[in-house]
Amino acid sequence: MPDIVKKVDNFLRFLKMNGNMEKHGTNSDNKTMPIHRWFSFMPGFSNVFVDTTFAYFDINENGGQVYDPFMGSGTTAVVGRKYGITVVGNESNKFLYEIGKAKIKFIEKPELLIKAGEVLLQKCKSIWKKADISQENFILTKCFSACNLKKLITLRDVYYSNSIKKAYKPYIFLVISSLLPRCAKVGISIPYISWKNTRNAEDPFVIFTKALSDIKDDLLEATESGCNGDAKIYLFDSRKKNSRILSNSINLVFTSPPYLNNFDYGEALKVYTYFWKITKDWSEITSKIRMKSLASATTYYSEREYRGKDLKDILEKKMLEKAPRVSQKIQNKIKLIRKQINCKRGKSFDILTGLYFKDMFLVLNETYRVLKKNGLAFIVIGDSAPYGIYVPTDKYLGELAIELGFSKHRLITLRPRGHKWTTLKNRHNLKLRESLLVLIK
């Protein structure tokens, strides 16, 4: 144990000495890197940071396995394949699950992907003018011109037909998804639709082949460089036990959970889920996306159900039993938030805070189960200040992990955050941070 603790401390010093700390928790490195660039997810973290961590801890030796409970668009798994290791993970959002699947899937003869794309495109060009957009969600008709929407849904409908080989479908799905923000007449890149941000929309048919060619080139490069690791992503909720991931089987965890900051993934990805008919309206976004997400970025719960209840009814019973000290600290924060809500009649961030830590307790409990002894968990996480009440999320999660059974935890700041919103009326002036929390089992 002392050896692994010392190595973690040395690694954190290494990160500080080598700079670029502020980029580690962002997706800026991913926008131009092969494979990662296929779909750059805004809340994601840097692939370079994952790469640095894997290299420092020699994770590819002795058949090391990595776990990511919030796989998102697959950054951890893509890096793992480069190192020839096995990466497993969960993603509860159906759209992100499909994106992640495509980015971790490799095929032989990727040049044949271009031919499959050309056949699809030629078919679409011959029929797109007859496409009926009247049955599409009205949000789509507001985000795209009629011409572009017809072309896009024709690409989608041909994709859904049986005319495309199964091996190529994940890549076609990803390419069409990547076209949406470039072909919209307003800003639809997450977090939210920017209705006032008008732009010159590109033609879907013009950029389709180029996007597919980029994938082909990256796959050829990956094959030549010997990316032979294995990756598996499950459409699964990490608050629950995934029996397909064995206990004590994981060497290292690298992940970034949703933050306690009211970022709603259902809202942010609604254009994509409406387009792919994963959801048809807000009710389905709630039932299919939001209710399967952490209660942190989305208020899917019934406020009426929790309002007036004792704080202990909001937190997980097992959490109160296993982690009484940090549970008390969380309850104290919730009481302070409630006082502010009573004054301002604002959103129920008191309930949100309690449910967030309840959910993260379940996630950490599952993480502890799958990790080997002396295994490490690297968690990129941000703090929060609902209604000006500072909640050191990173610190509380570290303390929660210790009460769960982890032997040590370390915490370093990666970058300041929240400064973009300082001009908002009635916003607090507290300084927030993004941190790296390291847990040692």
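The values are calculated or read from the model by the stated rules, or taken from the named source; none is laboratory data. Quick caveat, the model's predicted, so the values are computed rather than measured. Cβ atoms come from the backbone with ideal geometry, glycine included; neighbour counts cover every protein chain shown.
Side notes on the structure shown:
- Among all residues of the stretch 214-234, there is at least one that is buried (at least 22 other Cβ atoms within 10 Å of the Cβ) and either touching a strand residue (DSSP E or B) at 6+ places or on another chain (Cβ under 9 Å) or polar (S, T, N, Q) (or both).
- Residue match in the stretch 128-136 (condition: surrounded by fewer than 21 Cβ atoms within 10 Å (Cβ to Cβ), touching a Lys or Arg at 6+ places or on another chain (Cβ under 7 Å) and polar (S, T, N, Q)): no
- Residue in the stretch 12-22 that is buried (at least 22 other Cβ atoms within 10 Å of the Cβ), outside any helix (DSSP H, G or I) and not assigned by TED's automatic domain parsing to the domain that holds residue 176 present: no
- Any chance residue 225 is more than 30 Å from residue 370 (Cα to Cα) and either of a type outside the set (D, E, K, R) or not assigned by TED's automatic domain parsing to the domain that holds residue 192 (or both): yes
- One residue alone among 347, 333, 312 is of a type outside the set (S, T, N, Q) and free of Cβ contacts under 8 Å to residues at least 40 places away in the same chain, and that residue is 312.
- Flag for residue 164 being part of a helix (DSSP H, G or I) and within 23 Å of residue 39 (Cα to Cα): no
- Among the residues of the stretch 286-319, those that are over 28 Å from the mean Cα position of the chain (by Cα) and either modelled with pLDDT of 85 or more or more than 29 Å from residue 268 (Cα to Cα) (or both) comprise 308, 309, 310, 311, 312, 313.
- Number of residues in the stretch 265-291 that are of a type outside the set (S, T, N, Q) and part of a helix (DSSP H, G or I): the value is 15.
- Check on residue 276, closer than 30 Å to residue 337 by Cα and either modelled with pLDDT of 85 or more or outside the structural domain of residue 385 (by TED's automatic domain parsing) (or both): no
- Which listed residue, of 369, 325, is at pLDDT 95 or above, within 30 Å of residue 64 (Cβ to Cβ), not in a loop (DSSP other than H, G, I, E, B) and not small (Gly, Ala, Ser): 369
- Any hit, the stretch 181-192, residues being crowded, with 20+ Cβ neighbours inside 10 Å, in contact (Cβ under 8 Å) with a residue 12 or more places away in the chain and in contact with a Lys or Arg (Cβ under 7 Å, 6 or more places away or on another chain): no
- Against the list (1) out of contact with any strand residue (DSSP E or B) (no Cβ under 9 Å at 6 or more places or on another chain); (2) closer than 17 Å to residue 279 by Cα, the condition residue 122 fails is (2).
- Failed item in (1) without any contact (Cβ under 8 Å) to a residue 60 or more places away in the chain; (2) surrounded by 18 or more Cβ atoms within 10 Å (Cβ to Cβ), with residue 195 passing the rest: (2)
- Checked against (1) in contact with a helix residue (DSSP H, G or I) (Cβ under 9 Å, 6 or more places away or on another chain); (2) over 23 Å from residue 265 (Cα atoms); (3) of a type outside the set (Lys, Arg), residue 174 meets all criteria but (2).
- Every residue from the stretch 34-51 that is assigned to a loop (DSSP other than H, G, I, E, B) and either within 28 Å of residue 407 (Cα to Cα) or within 18 Å of the chain's Cα centre (by Cα) (or both): 35, 39, 40, 41, 42, 43, 44, 45, 46
- Here residue 287 fulfils each of the conditions (1) free of Cβ contacts under 8 Å to residues at least 12 places away in the same chain; (2) assigned by TED's automatic domain parsing to the domain that holds residue 169 apart from (2).
For (1) of a type in the set (A, V, I, L, M, F, W, C); (2) surrounded by 24 or more Cβ atoms within 10 Å (Cβ to Cβ); (3) within 17 Å of residue 229 (Cα to Cα), each residue gets a yes or a no:
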| position | (1), (2), (3) |
| --- | --- |
| 60 | no, no, yes |
| 77 | yes, yes, yes |
| 80 | no, yes, yes |
| 84 | no, no, yes |
| 87 | yes, yes, yes |
| 91 | no, yes, no |
| 94 | no, no, no |
| 98 | no, no, no |
